Amino acid sequence: MQALVLTFIIPATALIFAAVFVGLWWQDRSRVHVAAYAYCYAALGAGVMINIFILQAVTPFGIVAYHLLSMSGLIALLWGTAHRVGLKTPIRAYTASVVFTAGILWAAISAGERDAMMMAQNINSSLLMALAAQNLWHAGSRRLGDRAVVWTLALFSTFGFIRPLLTVFSDTLFGPGEEGAALLLAVHVLVLAVFLTLQALALIATVVSDSSASEREVAAIDPLSGLPMRAMFEREALALKERARERGVAVSVVIADLDHFKRINDTHGHAAGDRVISTFGSLLAGEIRPHDICGRIGGEEFCIIAYKCEGDQAQSLANRLRAATNRMMVPWNTQELGVTASFGVAQWDAHESYSDVFKRADAALYSAKRAGRDCVIRSGEDSLPEAQGEIEAVETTKPGQKPDAAAA
């Protein structure tokens, strides 16, 4: 009776956590990895319950059925932890190892080799968990929950390798006879229950952490333009600059500001201004490359960090955006609103802070505003357009003007 109660601890623990994961998944059913966690614990709990109450006798069919069910849960767990961090899982290789081990189990039970059966079953699961722990470790996440998942997988793997040795030397370690066997069972059940609990808590921590991060990310996205707002944008900008520094490539900053935006709000209302912000944000996001970043950093002010982009290239980008803005028409009621924008450009020097390069690009933007708006000025060349050479005069030309008129 005592052995039955002890054995019941594992399925009870597993099924409780399966229900917890079902609840977490139900809150956001796009997180399929959470559903995989729920299946893992449900499969483990159901497998042990079947062994206790249905397949009490050690038969080839019963052992193999339990093995396949519990290992399907383990594969679901390994797939879920990998999927969450964007890693691929070798499902076919895992499945092949499980099926191969099932054949060994059938042969071992048929031949009465219970020690061989236990060795095969534990080595199979332990190897899979060790491989998964190694892959997750190299995924590089330093968050506490992610590290806890890796360590619990490593603990499970280590115990799986040790468990057959405990059984082989049980008489020496726990004493002979029924008392020694009962003590071995108690150690086995309690260790597994503790490990299952630790692993479930680690997985729950990652789910909660992901939810919090997702909420923070949603809060950091501007609802009008769909672009990151200033704080999030600056974090991404610093990360992009660090990656560029490591790879030795240039980064440039382009600041855009809609011209006479207050006039739009005063004439057509703030709803029209919101429509303009939304349309302009979509335009910028559609014009930049996938590895560039763009954010809304103020009311009508936007910023682009162009990766692998020197000052001349960034200036060309800004002129292309200026021209696209001139072509942009914003439907509003029965009319279409046309807008223009001014741009300031600065190449981000290798040892320059974000604040410093932003100030230079911002100063260039204000020079563009003073020059009459609807033009591009680059830092270091931020005098008025009429003081610049012929090439710069062409680049700051307004629609409908000739290059010499812009320079005059």
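Peptides 119-126, 366-373 ordered by packing proxy, namely the average of other Cβ atoms within 10 Å per residue, highest first: 119-126, 366-373. With a simple spin-label model that places each label point 7 Å from the Cα along the Cα-to-Cβ direction, the separation between residue 353 and residue 270 comes to 3.4 nm. Distance between the C-alpha centres of region 217-261 and region 313-349: 17 Å, rounded to the whole angstrom.
Here, each number is a calculation from the coordinates, and none is a lab measurement. If you're wondering where the values come from, they're calculated on a predicted model, not measured in any experiment. As a convention, Cβ positions derive from the backbone with ideal geometry for all residues, glycine included, and neighbour counts pool all protein chains shown.
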